[in-house]
Amino acid sequence: MPSTPQGPDARATMLVPVTSAGIGLAAAKLRAGGLVAFPTETVYGLGADATSEAAVASLYAAKGRPRFNPLIIHVENLQAALQYGVFDATALKLAHAFWPGPLTLVVPVRGNRISLLARAGLDTVALRVPGVDVARALIAGAGVPVAAPSANRSGALSPTSARDVMAELEGRIDMVLDGQPSAIGLESSIVALRGGGAELLRPGAVALEKLRMVVPVSVPAAQVGEVRPSAPGQLKSHYAPRAGLRLHATSLRPGEVGLDFGGVLSGASRDLSPSGDLAEAAAQLFRALRDLDASGAQVIAMAPVPQHGLGFAINDRLARAAAPRDT
Ligand code: TXA
Ligand code: MG
């Protein structure tokens with residue numbers, strides 16, 4: 001459990017229901033440079049005004065990010081995205097096919113309104129139009145693009161409910177919009193369009209197979225579980241529970257608790273999807289790891305998950321959660 005800061009960094013965190021008054025209050029907080037967590041279909045995001053260096057700096061501080069990784073900038077619609085990024089024909093095809101929705105596009109930046117800190121000094125920008133109405137209403141109300149990483153302490157599991165956000169960040173941020181749990185439960189897929197065609201930077205909520213129905217997408221070699229310089233935010237250990245994690249487990253060892261997929265791991269405490277449904281497993285993943293962690297388990301043994309569709313992104317998150325903790 002993170003410690004609550006004292007002194008100048010301490011903030012009283014309001015948990016606000018998603019009424020139009022609540023969204024209005026949250027939008028005003030964002031405009032004033034505050035930090036507001038809000039629901040999206042992937043995971044809960046921690047928002048700050050992406051045009052304000054000060055607001056973005058306080059966002060990094062609240063998360064305790066060890067370095068300034070570039071952030072995803074959330075906008076209301078494609079028209080807004082075109083103000084901040086340069087979209088080629090491929091980018092436009094992807095935006096039309098998947099926005100609003102769980103796809104992030106990294107494109108050359110347009111203009112200088114987006115904070116340099118939010119871009120980590122890069123000449124590209126990551127843009128996404130979230131699928132949840134509450135999120136788009138908040139961004140529209142704020143009238144600014146919103147930088148929003150997942151609303152967790154750096155390196156920890158991404159939150160999929162307002163309750164998870166409070167457990168991570170209470171006392172460090174101004175407000176949490178208390179909406180629905182995130183339906184997908186895995187971060188957006190990230191595709192870069194930097195002149196050399198579409199390239200997958202992070203597997204995520206839109207399966208590669210679906211992206212490839214729209215445009216050709218290349219996948220850098222050694223994608224899963226590797227640090228990629230082109231996506232500087234991809235720390236090796238990430239999305240990590242406190243407990244150790246053993247992957248591809250086909251049986252339980254003494255002292256382990258089991259997390260199953262498709263009913264293959266006998267004695268497991270929990271199954272991400274007894275019927276072997278990858279979408280159901282994605283939606284349960286971070287919740288299940290959080291719960292098993294809270295149960296005091298020392299090691300979580302995870303059953304194999306097939307490497308196709310959403311399984312690609314699930315295995316990416318599991319590989320990071322199991323990676324050596326050196327940051
Ligand atoms: O589903 C999601 O995408 C969630 C919700 C809240 O929308 N957001 C999220 O943001 O996962 P974050 O900050 O945790 O992920 C940002 C990642 C970075 O780790 C980095 O790899 C990549 O996006 N990124 C951002 N800007 C980039 C850029 N200009 N070039 C390459 N990668 C970039
Ligand atoms: Mg994150």
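None of the figures in this text is laboratory data; all of them are computed from the coordinates on show. All values derive from a computational prediction rather than experimental measurement. Reconstructed Cβ throughout: ideal geometry from the backbone, glycine too, with neighbour counts over all protein chains shown.
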Percent of beta bridges antiparallel (DSSP, segment 14-218, rounded to nearest 5): 55 percent
Mean Cα-pair separation over length for segment 244-322, i.e. relative contact order, pairs under 8 Å, 6 or more apart, %: 39 percent
Protection proxy ranking, peptides 35-46, 250-261, average beta carbon neighbours within 10 Å, highest first: 35-46, 250-261
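For the chain, what is the calculated [θ] at 222 nm in deg cm²/dmol (nearest 500), taking -39500 (n - 2.57) for each run of four or more DSSP H residues and dividing by its residue count?
Numbers: 9 runs with 91 residues, N = 327.
After summing the helix terms and dividing by the residues of the chain, the value is -8000 deg cm²/dmol.
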Cα centroid separation, segment 72-113 to segment 259-295 (Å): 34 Å
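Rounded, prolate or oblate: which fits the chain when a ≥ b ≥ c are the square roots of the eigenvalues of the alpha-carbon gyration tensor, with rounded for a/c under 1.5 and prolate only if a/b beats b/c?
Working: a/c = 1.72, a/b = 1.22, b/c = 1.41.
Oblate, because a/c is 1.5 or more while a/b does not exceed b/c.
Please work out whether segment 244-322 counts as rounded, prolate or oblate from its C-alpha gyration tensor, where a ≥ b ≥ c are the square roots of the eigenvalues and a/c under 1.5 means rounded, while otherwise a/b larger than b/c means prolate and anything else oblate? Don't jump to the answer; show the numbers that get you there.
Working: a/c = 1.56, a/b = 1.38, b/c = 1.13.
Prolate.
Any idea what the relative contact order of segment 14-218 is, in percent, if you count C-alpha pairs under 8 Å spaced at least 6 apart? Don't jump to the answer; show the numbers that get you there.
Values: 483 pairs, mean separation 65.9, N = 205.
Taking the mean separation of contacting Cα pairs over the length of segment 14-218, I get 32 percent.
What's the exposure ranking of Ser188, Ser295, going from fewest to most Cβ atoms within 10 Å? Write out the running numbers ahead of the final one.
Numbers: Ser188 26, Ser295 12.
Arranged by neighbour count, lowest to highest, Ser188, Ser295 become Ser295, Ser188.
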